[in-house]
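Notes follow the structure.
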Amino acid sequence: MAETSNADGGRLTTHVLDTATGKPAAGLSIALYHLDGKARTHLKTVVTNADGRCDKPLLAGAEFRTGEYELVFAAGDYLRQQQLSLPKPAFLDVIPIRFGMAEPVHYHVPLLV
């Protein structure tokens, strides 16, 4: 798939909410990968703020490119930080979400844990 960049239009954001507490999932680690065929390239890892969001868009401006991506949410680590005892294997541990961005617009990936 051809990729294009857009210096001012496209951006990628996320928001994670903890359904057990009804609050934002603060301190949850998220890894962003670019996918190209079988290749998977790590772009960055961020941690959610007190509002369950990232301090800035995951991709924006010149950094934004259309294509296929994957967000990997470290839900198990987050839940253990909340002092929850998880069974082995945990029902929610690592949550990957794969998606495509075809246009330079705002894409938002919400997650409830």
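FYI, it's all coordinate maths here, none of it is from the lab. What you see is a predicted model, and the numbers here were worked out from it, not measured in a lab. We place every Cβ from the backbone using ideal geometry, glycine too, and count neighbours over all the protein chains shown.
Per residue of the chain, what 222 nm ellipticity follows from adding -39500 (n - 2.57) for every DSSP H run with n ≥ 4, rounded to the nearest 500? Write down the numbers at each step before the final one.
Working: 1 runs with 7 residues, N = 113.
Per the formula, -1500 deg cm²/dmol.
Whose amide H sits under 5 Å from the amide H of H106, counting only residues 5 or more places off or on another chain, with H placed in the peptide plane?
Under 5 Å from the amide H of H106: R11.
Which one of A62, A90, A26 has its Cα pushed farthest toward the positive end of the charge dipole of the chain, where Lys and Arg give +1 and Asp and Glu give -1 at the Cβ?
With unit charges placed on the Cβ atoms, the residue in question is A90.
Can you sort L28, L112, L86, L59 from fewest to most other Cβ atoms within 10 Å of each residue's own Cβ? Show your work: numbers first, answer last.
Numbers: L28 24, L112 9, L86 14, L59 21.
Ascending Cβ contact count within 10 Å gives the list L112, L86, L59, L28.
What are the ³J(HN,Hα) values, in whole Hz, obtained from phi via the Karplus relation 6.51 cos²θ - 1.76 cosθ + 1.60 with θ = phi - 60°, for each residue of segment 68-74 in sequence order, with x given for Gly and Pro?
With coefficients 6.51, -1.76 and 1.60, one gets 9, 9, 9, 9, 10, 9, 8 Hz.
With a/c under 1.5 counting as rounded, go ahead and sort segment 11-102 into rounded, prolate or oblate using the C-alpha gyration tensor (a ≥ b ≥ c being the square roots of the eigenvalues; past the cut-off, prolate if a/b is larger than b/c, else oblate). Could you put the intermediate results ahead of the total?
Values: a/c = 2.69, a/b = 1.56, b/c = 1.73.
Judged from the Cα gyration tensor, segment 11-102 comes out oblate (a/c at least 1.5, b/c at or above a/b).
Looking at the chain, what % of its DSSP beta bridges pair antiparallel, to the nearest 5? Please list the in-between numbers first.
Details: 28 of 35 bridges.
Approximately 80 percent, going by the DSSP bridge assignments.
What is the distance in Å between the Cα centres of segment 18-39 and segment 65-104?
4 Å
Roughly speaking, what is the stretch gain from H108 to A39, that is 0.36 nm per residue apart minus the C-alpha to C-alpha distance, in nm to one decimal?
Working: separation 69, 0.36 × 69 = 24.84 nm, distance 2.35 nm.
Additional length available on full extension: 22.5 nm.
Placing +1 at every Lys and Arg Cβ and -1 at every Asp and Glu Cβ, with all other atoms neutral, what dipole size does the chain have around its Cα centre, in debye to the nearest 20? Mind showing how you got there, number by number?
Values: 11 positive and 12 negative charges, 57 e Å.
Dipole about the Cα centre, nearest 20: 280 debye.
With θ set to phi - 60°, apply the Karplus curve 6.51 cos²θ - 1.76 cosθ + 1.60 along segment 57-66 and write out the HN-Hα couplings as whole Hz, x wherever there is a Gly or Pro.
Those phi angles translate into x, 5, 9, 6, x, 5, 6, 6, 9, 5 Hz.
Each residue of segment 25-42 in order: what ³J(HN,Hα) in whole Hz does its phi give by Karplus 6.51 cos²θ - 1.76 cosθ + 1.60, θ = phi - 60°, with x for Gly and Pro?
For segment 25-42, the Karplus-derived couplings read 8, 7, x, 8, 7, 10, 9, 10, 10, 9, 10, 9, x, 8, 7, 10, 10, 6 Hz, x marking Gly and Pro.
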